[in-house]
Amino acid sequence: MVKINEKAPEFSLPDQNGQIRTLQSFSGKKTVIYFYSKDNTSGCTAQALGYAALYGKFTEAGAEVVGVSRDTVQSHVKFKEKHGLPFVLLSDPDMEMIKAYGVYGEKKLYGKTSFGTVRSTFIIDENGTVVSARTKVNSKTDPDETLRILLSLETK
């Protein structure tokens, strides 16, 4: 997994509109990048709705929110419209960004082990450096915790 004080890995992926986004697309502002498994699943929807509810506070703090999963652009369009999500969703079906950030691995759910995207959240500063890196985050508490960390960075 990418660590604090490392340069964030570059990426070039389509967003929900098919527009290619890169790390440079977000330079000059803090960027919250959260990785999740699948659109419209209960945990991933709860997490997305949490970020949507706090989106104004993230933007007030000078940060952009970006969700990343293996879902298609078309799936992201439906997910974003269904839930009124105000932030960017990136489509990474080939897992290029997921693997670059080191968030593909073993997961346990209901006692079963599988491999997939490990729910993780990063905060990247204006210069492209990772200032917060968390893995195996809780879908319901992650947005609040991420905002708390983001606001604490401003006071340092």
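The numbers here are math on the coordinates, done by the rules we state, and not lab data. Every value quoted in this text rests on a predicted model; they were computed, and no experiment measured them. Note that we place each Cβ from the backbone using ideal geometry, even for glycine, and neighbour counts take in every protein chain shown.
Scanning region 1-22 for residues that are within 16 Å of Thr72 (Cα to Cα) and among the aliphatic types (A, V, I, L, M), we see that the one that is surrounded by the most Cβ atoms within 10 Å (Cβ to Cβ) is Leu13.
For region 47-74, the set of residues classified as in contact (Cβ under 8 Å) with a residue 12 or more places away in the chain and charged (D, E, K, R) consists of Lys57, Glu64, Arg70, Asp71, listed by residue number. With respect to (1) surrounded by fewer than 15 Cβ atoms within 10 Å (Cβ to Cβ); (2) in contact with a Cys (Cβ under 8 Å, 6 or more places away or on another chain), the lone exception for Gly56 is condition (2). Of everything in region 62-74 that is touching a Ser or Thr at 6+ places or on another chain (Cβ under 9 Å) and under 19 Å from Gly50 (Cα atoms), the residue that is surrounded by the fewest Cβ atoms within 10 Å (Cβ to Cβ) is Glu64.
A quick yes/no check of all residues on (1) within 18 Å of Asp142 (Cα to Cα); (2) free of Cβ contacts under 8 Å to residues at least 24 places away in the same chain:
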site	(1), (2)
Ile4	yes, no
Phe11	no, no
Asp15	no, no
His76	no, no
Glu81	no, yes
Phe87	yes, no
Lys99	no, yes
Ser114	no, yes
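Applying a threshold of 7 Å to beta carbon distances and a minimum spacing of six or more residues, or different chains, the list of pairs starting in region 129-156 at a residue that is farther than 23 Å from Leu23 by Cβ and ending at one that is of a type in the set (Lys, Arg) reads Lys136/Arg119; Ser139/Arg119.
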